[in-house]
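All remarks here apply to the structure that follows.
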Amino acid sequence: MTITTRKKLTAAILSAAFASGAATLATAEEVTIGVIGPMTGPAANTGAAHRQGMELAVKEWNAGTAESVTDNPPTATLVFEDSNSKPEVGISAAQRLMTQDSVDMIIGDTLHSHVTMALMEMAPQYGVPILSAEPVSSAIADKVLSDPERYEYYWKGNYNSDGYGQAVHGFYQWAFEHDVIEEGNKQIAFVVEDTDYGLANAEQIGKLFEEDGWEVIATETTPTGTTDFYPQLSKLRGLAPDVLISVFTLANSGTSFVRQLDEQALDASHLAIFPPTRPEFMEVAPEIADGLIWAALQFSPEITPAHQEFSDRIKAEFDAPANYSHAHAYCTMLVALRAVDAAGTTETAAISKEIGKTDYECLIGRMQFGEDHTVRSGADTIPVPVAQMQNGQNQIIWPENVATAKAK
């Protein structure tokens with residue numbers, strides 16, 4: 001079946017069903033979901049966590065222990081493909097899932113914004129629903145808003161870069177006002193990985209600080225997986241920023257940066273984005289990262305009973321403790337499964353419509369989508385709290401109403 005034929009047939013079936021007054025199409029008894037993520041390459045550990053989280057969700061769904069929409073939800077089957085953190089590999093993976101495995105929908109990329117920017121083009125080309133998981137780049141949502149009709153079947157399962165931007169900016173506003181951190185000369189700098197994720201965060205955060213009269217004095221970019229930051233830190237030492245923001249998706253980059261930052265004795269308030277969510281970072285954090293401020297602590301088994309209970313289930317199933325990527329992947333998969341269940345069919349338009357209607361309280365917060373097809377962030381949806389490493393344990397230090405400790 002050609003792509004055009006598939007889309008026309010979908011529309012015709014839906015039109016007939018609605019015209020006849022049917023509430024839904026014939027009940028879908030089975031659904032096959034393809035998943036694309038970094039199963040190999042520099043982000044393979046995160047890809048493994050995504051796979052485990054989604055596998056647990058499907059196991060519990062098929063066993064009837066997950067929260068379904070109807071009393072007779074469809075049985076789910078997963079097919080995994082590797083993106084190797086590369087857009088072109090992700091595209092090939094999507095083509096295989098569609099042409100060889102005949103999947104009903106795709107979740108991908110599970111991690112990378114730059115891979116998702118390519119994959120989202122497959123939704124209109126193949127007429128298949130695509131839901132990404134952890135990618136946050138606002139550029140993805142901007143594409144949806146620029147052409148809503150083209151991207152009607154694509155959905156972004158994480159908040160935009162401005163979610164981080166608002167959290168980081170809001171935290172520093174509060175910290176300056178309460179004399180937790182000194183403003184200094186109002187100069188901010190960034191060291192970020194050269195991806196849509198890193199660049200989008202730097203852009204969003206920098207813009208908010210500039211509106212407050214701050215100056216962005218440097219935005220240093222490095223390839224994904226970089227572990228040598230001495231050139232960037234030497235430059236920044238001469239510039240002497242008051243605030244330094246780092247953004248990396250790999251734990252080894254985060255640990256190397258924190259170690260080298262300490263060695264360089266750079267006198268700036270440092271806030272890290274993402275690496276502390278990774279268990280590989282936390283294994284060495286007590287010796288390198290005491291006092292580190294970071295965003296965002298959205299999965300905290302040590303202080304949240306529901307997260308601990310989920311971590312215990314992951315441990316029992318895969319003999320590994322859970323992290324944020326497990327939890328986000330689990331919630332993303334349940335959003336997909338609940339949409340198919342609510343649609344009562346595997347037809348693309350019906351599934352897409354139900355994804356857009358999602359209002360589901362999951363482990364990481366309340367999952368709802370905005371007009372940009374992106375999960376919302378905020379106090380009433382997905383919170384983005386700022387944390388600090390204190391005596392080997394993460395504590396939420398902002399916002400104050402959910403803080404578990406005072407900032408040091």
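Annotation: per residue accessible area for the chain equals 40 Å², rounded to a whole number [probe 1.4 Å, protein chains only].
Here is the list for the stretch 299-408: GluC sites (Glu not before Pro) lying in DSSP coil, each with at most 11 other C-beta atoms within 10 angstrom of its C-beta, are Glu302, Glu371. Ranking Met120, Val103, Tyr154 by how far each Cα lies toward the positive end of the dipole of the chain (charges on Cβ) leaves Val103 at the top. Couplings 3J(HN,Hα) for the stretch 141-154, derived from phi with the Karplus relation 6.51 cos²θ - 1.76 cosθ + 1.60 (θ = phi - 60°), are 5, 4, 5, 4, 5, 6, 8, x, 5, 4, 9, 5, 9, 9 Hz, where x marks Gly and Pro. When the solvent-accessible area of the chain is split by element, carbon and sulfur atoms take up 46 percent of it, the probe being 1.4 Å.
Which percent, to the nearest 5, of DSSP beta bridges fully inside the chain are antiparallel? Bridges in the chain are about 25 percent antiparallel. Scanning residues 5 or more positions from Ala218 or on other chains, those with amide H under 5 Å from its amide H are Phe190, with H placed 1.01 Å from N in the peptide plane. For Trp155, the residues 5 or more places off, or on other chains, whose built amide H falls under 5 Å of its own are Ile130, Leu131, Ser132. The phi-based Karplus calculation (6.51 cos²θ - 1.76 cosθ + 1.60; θ = phi - 60°) puts the 3J(HN,Hα) values of the stretch 380-391 at 9, 10, 9, x, 10, x, 9, 10, 9, 6, 10, 6 Hz, whole numbers, x for Gly and Pro. Which loop GluC sites (Glu not before Pro) in the stretch 126-222, with loop taken from DSSP, have no more than 15 other Cβ atoms within 10 angstrom of their Cβ? When the GluC sites (Glu not before Pro) of the stretch 126-222 are filtered for loop state and at most 15 Cβ neighbours within 10 Å, Glu149, Glu182 remain. Within the stretch 212-342, all pairs of alpha-carbon atoms sorted by distance into 5 Å bins from zero give the percentages 2, 9, 17, 18, 16, 12, 9, 8, 5, 3, 1, 0. Between the helical axis of 305-318 and the longest alpha-carbon principal axis of the chain there is an angle of about 70 degrees. Rounded to whole numbers, the Karplus 3J(HN,Hα) couplings from phi for the stretch 335-342 are 4, 5, 5, 5, 5, 5, 4, 5 Hz, using 6.51 cos²θ - 1.76 cosθ + 1.60 with θ = phi - 60°, and x at Gly and Pro. Calculated mean residue ellipticity, 222 nm, the chain: -14000 deg cm²/dmol, from DSSP H runs (n ≥ 4) at -39500 (n - 2.57) each, averaged per residue and rounded to 500. Quick one: which residues, 5 or more positions from Val35 or on another chain, have an amide H under 5 Å from its amide H? H modelled 1.01 Å from N in the peptide plane, none for Pro or chain starts. So Val35 has HN proximity to Val79, Phe80, Glu81, Ile107. Across the chain, the mean sequence separation of Cα contacts (distance under 8 Å, 6 or more residues apart), normalised by length, yields a relative contact order of 18 percent.
The values are calculated or read from the model by the stated rules, or taken from the named source; none is laboratory data. The structure presented is a predicted model; accordingly, all values stated were derived computationally and were not measured. No Cβ is skipped: glycine too gets one built from the backbone with ideal geometry, and neighbour counts run over all protein chains shown. These area figures cover heavy atoms from the full protein model, side chains too; ligands, DNA and RNA do not enter into them. Shrake-Rupley method; radii C 1.70, N 1.55, O 1.52, S 1.80 Å.
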